[in-house]
1. Consider Thr94 carefully, then state whether it is under 14 Å from the mean Cα position of the chain (by Cα), open to solvent by 40 Å² or more (accessible area, probe 1.4 Å) and among the β-branched types (Val, Ile, Thr).
2. Please work out which residue is least open to solvent (accessible area, probe 1.4 Å), limiting yourself to region 35-48 and to residues that are over 12 Å from the mean Cα position of the chain (by Cα) and not hydroxyl-bearing (Ser, Thr, Tyr).
3. Test Ser110 against the stated conditions and say whether it is more than 15 Å from the chain's Cα centre (by Cα), at pLDDT 95 or above and assigned to a strand (DSSP E or B).
4. How many of the residues in region 72-94 are within 15 Å of Thr34 (Cα to Cα) and either in contact with a Phe, Trp or Tyr (Cβ under 9 Å, 6 or more places away or on another chain) or at pLDDT 95 or above (or both)?
5. Consider region 113-137. How many of its residues are in contact with a strand residue (DSSP E or B) (Cβ under 9 Å, 6 or more places away or on another chain) and in a loop (DSSP other than H, G, I, E, B)?
6. Does Ser100 satisfy the condition of being surrounded by 14 or more Cβ atoms within 10 Å (Cβ to Cβ) and either aromatic (Phe, Trp, Tyr) or more than 14 Å from the chain's Cα centre (by Cα) (or both)?
7. Among the residues of region 59-89, count how many are within 13 Å of the chain's Cα centre (by Cα) and in a loop (DSSP other than H, G, I, E, B).
8. What is the residue count in region 113-123 for residues that are farther than 15 Å from Ser73 by Cα and either surrounded by 13 or more Cβ atoms within 10 Å (Cβ to Cβ) or touching a residue at least 60 places away in the same chain (Cβ under 8 Å) (or both)?
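The values are calculated or read from the model by the stated rules, or taken from the named source; none is laboratory data. Worth saying up front: this structure is predicted, and the values here are computed from it rather than measured. Positions of Cβ are generated from backbone atoms using ideal geometry, with glycine treated the same way; all protein chains shown enter the neighbour counts. These accessible areas exclude ligands, DNA and RNA; they are computed on the full protein's heavy atoms, side chains included. Shrake-Rupley method; radii C 1.70, N 1.55, O 1.52, S 1.80 Å.
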Amino acid sequence: NTLEAESSLTYDGTTLTASSFSGGGNDIVTSRWTLGANGSSDYTFTGPGGLSGTADPKIYLARGQTYEFVNNSGGSHPFQIQDSGGSPYNTGVTNNGASSGTITFAVPFSAPNTLQYKCTSHSSMGNTIIVYPDLSP
């Protein structure tokens, strides 16, 4: 999906100015990472933040934004977003625990400050997700 906007356009000597835009923008993705795997040791992330095959990085996500994780790790590494106790965190998550395809996370404002991502087949694969801004009192 592409969002295009111009504040003004001149055609045949006439300037047209946009005063409003329509659409909810609900499908705008802030960042998209492609996931691979180093055997059963690590997920590899390629994408925003200068990541290029980076093993199990700590990920920082903003409340109210939407992120995608494209799981191309070979089909034997289900990618799951979890709470700190290891239970699936499904609020705002589509396709959580998928072995392949896209896992989408629309981070709710009520999300905990810290989550994690894990391979449900290999406990060594994963790391922390920091959700900001921190909601601690």
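1. Yes; evaluated as a whole, the condition is true for this residue.
2. Selected residue: Gly36.
3. Judged against the criteria, Ser110 is not a match.
4. Residues in region 72-94 being within 15 Å of Thr34 (Cα to Cα) and either in contact with a Phe, Trp or Tyr (Cβ under 9 Å, 6 or more places away or on another chain) or at pLDDT 95 or above (or both): 6 in total.
5. The qualifying residues number 6.
6. yes
7. 3
8. Final tally of qualifying residues: 3.
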